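Q: Handing you a structure now.
What follows is calculated from the coordinates using simple rules that are stated; it is not laboratory data. Note that the structure is a prediction, hence the values are computed from the model and not measured. Ideal geometry is used to build each Cβ from the backbone, glycine not excepted, and the neighbour counts take in all protein chains shown.
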Amino acid sequence: MTNSTYRYPPDEFDVAVPGGAPVGVHRAPRSGWSSAWPFLLVALVCAGVAWGGITLLSGGGNEGDSAAEPTANVSPSPSTGPSEAAEGEGGGQNEGEDGEGGNEPSGEPEAPSTADLVAAMDPSATYLVHNTGGEVNQLAATTVTNLEAEGVAGAEVSTAAAPEGVDASGMSANTVWYGEGREAEGKALAAVLGIPDSNVVMNDAVTNSQQAAWVFMFTAPA
């Protein structure tokens, strides 16, 4: 509708405002602030939400750390002070050393005494002591006397240098021959007479005889 056909005369509502916005009896003029304030409100709300979230997160982390601190920093009990702890370590170390010392072997087992060897002899066994023809007079008889003095029973004097059929010409030192299963008797005789173990041997001829051992004497008992 143009102004030429408009039946009412123009009034103040028909005059355009400087901003160019239409005005009329049903439309009030709008300022720039009225158009901008909704955007400002939205910005403020977003900023407040962001600040609240950051504060909540940072505050929760600090609370968790502060709650965990008492567990991590537990103070030592008065009953376990430095001096007592040192004493405990020292005592444990000493006990360990004592225990190690107690477990150490004391050395090689001691050799049985002559009395123990004699006590282990068969009381029913017999032994022949041969005088090999050395320069010592009555050597076989003296040897038997020494054996009896140490508790050895069953020793007999042989007037022959060696049993029949036995060649003793290769011997030159006091020697003990024992039969099979008679090692205890052979070692006991050697211990009483001072004969070294190297001259104590098992012999089949003695095993087949009635005696448990034969003693060949060249020198006086040690």
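Q: Could you check, for segment 189-197, whether at least one of its residues is in contact with a helix residue (DSSP H, G or I) (Cβ under 8 Å, 6 or more places away or on another chain) and under 14 Å from ASN131 (Cβ atoms)? Can you show your working first?
A: Here is the first cut: in segment 189-197, the ones in contact with a helix residue (DSSP H, G or I) (Cβ under 8 Å, 6 or more places away or on another chain) are 189-193, 195-197.
Add one more test, that the residue is under 14 Å from ASN131 (Cβ atoms), and what stays is 193.
Yes, segment 189-197 contains at least one residue that is in contact with a helix residue (DSSP H, G or I) (Cβ under 8 Å, 6 or more places away or on another chain) and under 14 Å from ASN131 (Cβ atoms).
Q: Another question about this same structure. Can you give me the number of residues within segment 128-180 that are in a loop (DSSP other than H, G, I, E, B) and either surrounded by 19 or more Cβ atoms within 10 Å (Cβ to Cβ) or in contact (Cβ under 8 Å) with a residue 24 or more places away in the chain (or both)? Break it down stepwise before answering.
A: Pass one, segment 128-180, residues in a loop (DSSP other than H, G, I, E, B): 132-138, 150-154, 159-174, 179-180.
The next check asks that each one be either surrounded by 19 or more Cβ atoms within 10 Å (Cβ to Cβ) or in contact (Cβ under 8 Å) with a residue 24 or more places away in the chain (or both); those that pass are 132-134, 136, 150-154, 159-163, 165-166, 168, 171-174, 179-180.
Summing the residues that are in a loop (DSSP other than H, G, I, E, B) and either surrounded by 19 or more Cβ atoms within 10 Å (Cβ to Cβ) or in contact (Cβ under 8 Å) with a residue 24 or more places away in the chain (or both) in segment 128-180 gives 23.
Q: Please specify each residue of segment 167-209 satisfying the condition of being over 50 Å from the mean Cα position of the chain (by Cα) and of a type in the set (A, V, I, L, M).
A: ALA168, MET171, ALA173, ALA205, VAL206
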